[in-house]
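The values are calculated or read from the model by the stated rules, or taken from the named source; none is laboratory data. Treat the numbers as computed from the prediction; the structure is a model and nothing was measured. Every residue, glycine as well, gets a Cβ built from its backbone with ideal geometry; the counts of neighbours run over all protein chains shown.
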Amino acid sequence: MRIRGGGTKDFYGNAPRGELLETRGHAGIVAYEPTELVVTARCGTLLSDLHEVLFKQGQFLPFEPPSFGSGATLGGCVAAGLSGPRRASAGSVRDFILGAKIIDGKGDLLSFGGQVMKNVAGYDISRLLTGSLGTLGLITEVSLKVLPRPSAELTLKLELPQGKALESLNRWAGQPLPISGSAWSDGELALRLSGAGSALELAAQKLGGEKLGAGDAATFWAGIREQTDPFFAGDAPLWRLSLPSHAAQVELPGAQLIEWGGALRWLRSHADPAPVRAAVAGLGGHATLFRAADKPAGAFAPLPPVLARLHRKLKSAFDPAGILNAGRLYPEF
Amino acid sequence: MGSAVPEIDFQRQKDVAQALRAFLPERSVLWQQEDTRPYECDGLTAYRRLPMVVALPETEEQVQRVLKTCSSMGIPVVPRGAGTGLSGGALPPGDGVLLSLAKFMRVVRVDPLARIAVVQPGVRNAAISDVAAPFGLYYAPDPSSQIACSIGGNVAENSGGVHCLKYGLTVHNVLRVRGYTIEGEAVDFGSEALDAPGYDLLALAIGSEGLLAVTTEVTVKLLPEPETARVIMASFDDVQKAGDAVAAVIAAGIIPAGLEMMDRPATRAVEQFVHAGYDVDAAAILLCESDGSAAEVDEEIAKMKQVLEGAGATRLTVSRDEAERLRFWSGRKAAFPAVGRISPDYYCMDGTIPKKCLGEVLNFIGAMEKKYGLRCPNVFHAGDGNLHPLILFDANDAEQLKRTEQFAAEVLEKCVAVGGTITGEHGVGVEKIDQMCVQFGAAELGIFHAVKRAYDPQGLLNPGKAVPALSRCAEFGRRHVHAAAQPHAGLPRF
């Protein structure tokens, strides 16, 4: 079976196969109490609906997930495990997941974690499910930690060459500065600051650069998050390079856009997969072929043998017959 | 609870000690009672058992050989860090090897530009912040035992602390865990990048209570020290009002750097011990901290004061300087030892509940105090709903000990009933293993066992901890009839 929410991330991972199982119908917010900082919703809930409900209470999903289309669902968001520009400062999807209900490959309805902020009873299966691309179970319901929206935001643009931008981003991250987003491409670095108004003005003076208007800033960050920014236009394969933030400049042919203070680098390149993966591994990271017409070398970097064995065993613990999203993460399961 | 009477198979002990001595020096293999006695328990002293053999390797290669030797001989292995755990996670095996990582005390590397520290598992939590301090950095999770507990144990338990509402738990602050499976295979979970390909095995390893792999190296994130921090101490004449004040702070859009509550029995115990300056007449006090730039902190403190006053605080004191701020926190951090001074023994619980249920659960605890005739002060990580009720008892009185256990079990089950959990940050260990049967059904426990088998097919690593056998739950269910539906309906009951 292939499990599908809104289908906005069908491009992600290896090609889906099997009978289509749609989850959009299982929608709705089950519980939301703003003072508990927890929301519980069913998998088919539209991300846009969830954002709206949280917005009304002055709260948000701090990991700023990309939607890649209006039909994006909460289940898909958790299964893909992708986070947006705020990830380096606020954390990722897995950092905010508190609990999940799933149907495993045997058809058992299981419940892990819960609706409270701290919970170490049993293995942390909810986080294991995050980013597992539906290979361990159909996520039916999720509880997430939410936070108050920052009271103010401000975006700066600075002219900086790549090497200098990487060095500065790492240096700034070691100082108490309210940086909540960064995006560098083509000699221009955008920095988003979030927090108390007084703190932002002080930080902006320290960092320099030009302030962007609020409307332009919102459009710019949405373009980075949703990959509608001009950098992402065109047909060249898009690689997602996950690296230590302080890793040196990646010397590969093609254009790059750098996010997460240096820890996420997007590469538009026709280069062969093997040298891309080797270059990134050499810098302590891993390369995912994010968008491409086809992915004969696989979407994800191959695993070392011991980890590959653990993956196969975990897969068979949840889905012994191998019927859920087979091949979506790795071809062998 | 366990007995200290040795029940060691001496032939087996000799065989194992000899096998380990083939590659470990004499001082690193302990088997005589006077040497193994210090390892008979961890921070949960009510459970004690003499280990058959204690191994104290000094290198990763030695750890690997201990594991290979034990797995080939079918010998259980229990890893141990600083031994401060509160759930008996490091209770030794009477028929196996206690693997102490105490000699792994080296800070391998601090990289201020990358904002990481690579440390061995025996490095103390507080020592990481000490080595990072010259760079204006620190390690955020700060369990109250931070001067003694080690990072390897923090990884095993997913430890929190008083600042985790804003800065997260161990799982949010560790980038990479290096270790060995029971079969002695090297594994690296996570990396210095923010994610790794495939399943999030790093998240699975953290909080796994030493059941999946033995940690030999940890890479932690370091954060820039905030420019400044101040804390408000707010008094309330009613515990429920204090609970409502917590919700009011969050409803105002504030995430305090720390948000802690103590009830009067707790503040009184603490005040005698550390003189933190607490209001001992208040029914409960809240400690509410703000950190950031000076301007930000001023703005937030003003806002928090307003909210706390609106919520009925009878007295507000804002720390005037760093010394006073640390003094206010010293009381909270010394709560457990302070309680230890007013009672021969205390039993610390660790339930987490939805914050709105605080009043209900505290009333329930009050009723249990009467039912069991035992006192129970409360300290509470109020911001994240994590309760630490401390039952006062005398362990020399077997009957009191029994009452204490029943008291604790009822409170943990109440936590589950209101939608919470039996353990927020101390782990299940041996202590809460029966309550796991209340929290999870047979199908979930089945998955936990399958996960365990994926890493440790023979079940040799820290056996009998964290996840109960289904047969144990069936037995527990027989002893313990609930008003609610049976959690293991599918299991045969004879």
Give the range B:442-462 a look and list any residue that's in contact with a strand residue (DSSP E or B) (Cβ under 8 Å, 6 or more places away or on another chain) and crowded, with 18+ Cβ neighbours inside 10 Å, or say none. B:GLU444, B:ILE447, B:TYR455, B:LEU460, B:LEU461, B:ASN462
Exactly one of A:LEU138, A:LEU177 is hydrophobic (A, V, I, L, M, F, W, C) and more than 22 Å from B:GLY168 (Cα to Cα), and that residue is A:LEU138
May I ask you to say which residue of A:THR135, A:THR130 is in contact (Cβ under 8 Å) with a residue 12 or more places away in the chain, at the interface with another protein chain (Cβ under 10 Å from one of its Cβ atoms) and under 30 Å from B:LEU86 (Cβ atoms)? A:THR130
Kindly provide the set of residues from the range B:451-470 that are within 8 Å of chain A (Cβ to nearest Cβ) and more than 11 Å from B:SER208 (Cβ to Cβ), ordered by number. B:ARG453, B:ALA454
What's the number of the only condition in (1) within 14 Å of another protein chain (Cβ to nearest Cβ); (2) of a type outside the set (Ser, Thr, Tyr); (3) not in a strand (DSSP E or B) that B:ASP291 fails to meet? (3)
Within the set of pairs 6+ apart or on separate chains, which have a first residue in the range B:467-478 that is touching a residue at least 12 places away in the same chain (Cβ under 8 Å) and closer than 20 Å to B:ASP456 by Cβ, a second that is among the β-branched types (Val, Ile, Thr) and assigned to a helix (DSSP H, G or I), and C-beta atoms under 9 Å apart? B:VAL467/B:ILE433; B:VAL467/B:VAL451; B:PRO468/B:ILE433; B:ARG472/B:ILE433
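Could you run through the range A:273-310 and say how many residues are in contact with a Ser or Thr (Cβ under 9 Å, 6 or more places away or on another chain), part of a helix (DSSP H, G or I) and not β-branched (Val, Ile, Thr)?
Summing the residues that are in contact with a Ser or Thr (Cβ under 9 Å, 6 or more places away or on another chain), part of a helix (DSSP H, G or I) and not β-branched (Val, Ile, Thr) in the range A:273-310 gives 1.
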Of all residues in the range B:414-450, count the ones that are more than 7 Å from chain A (Cβ to nearest Cβ), charged (D, E, K, R) and assigned to a loop (DSSP other than H, G, I, E, B). 2
Every listed condition ((1) facing chain A (nearest Cβ under 7 Å); (2) in contact with a Ser or Thr (Cβ under 8 Å, 6 or more places away or on another chain); (3) under 17 Å from B:PRO121 (Cα atoms); (4) buried (at least 23 other Cβ atoms within 10 Å of the Cβ)) holds for B:VAL177 save (1)
Can you tell me which residue among B:LEU201, B:LEU194, B:LEU212 is at the interface with chain A (Cβ under 7 Å from one of its Cβ atoms) and under 29 Å from B:LEU86 (Cα atoms)? B:LEU201
For the range A:83-117, how many residues meet the condition of being free of Cβ contacts under 8 Å to residues at least 24 places away in the same chain, at the interface with chain B (Cβ under 9 Å from one of its Cβ atoms) and surrounded by fewer than 24 Cβ atoms within 10 Å (Cβ to Cβ)? 2
Yes or no: B:GLU185 within 9 Å of chain A (Cβ to nearest Cβ) and not β-branched (Val, Ile, Thr)? yes
Hey, A:VAL142 part of a helix (DSSP H, G or I) and either at pLDDT below 95 or not small (Gly, Ala, Ser) (or both) or not: no
Go through the range B:182-200 and count every residue that is out of contact with any His (no Cβ under 9 Å at 6 or more places or on another chain), surrounded by 23 or more Cβ atoms within 10 Å (Cβ to Cβ) and closer than 22 Å to A:LEU129 by Cβ. 2
Out of B:GLY359, B:GLY383, I need the residue that is crowded, with 22+ Cβ neighbours inside 10 Å, assigned to a helix (DSSP H, G or I) and either within 21 Å of the chain's Cα centre (by Cα) or not assigned by TED's automatic domain parsing to the domain that holds B:LYS166 (or both). Which one? B:GLY383
Which of the strands (runs of 3 or more DSSP E) contained wholly in the range B:116-219 include at least 1 residues that are more than 24 Å from A:LYS315 (Cβ to Cβ) and in contact (Cβ under 8 Å) with a residue 60 or more places away in the chain? B:116-119
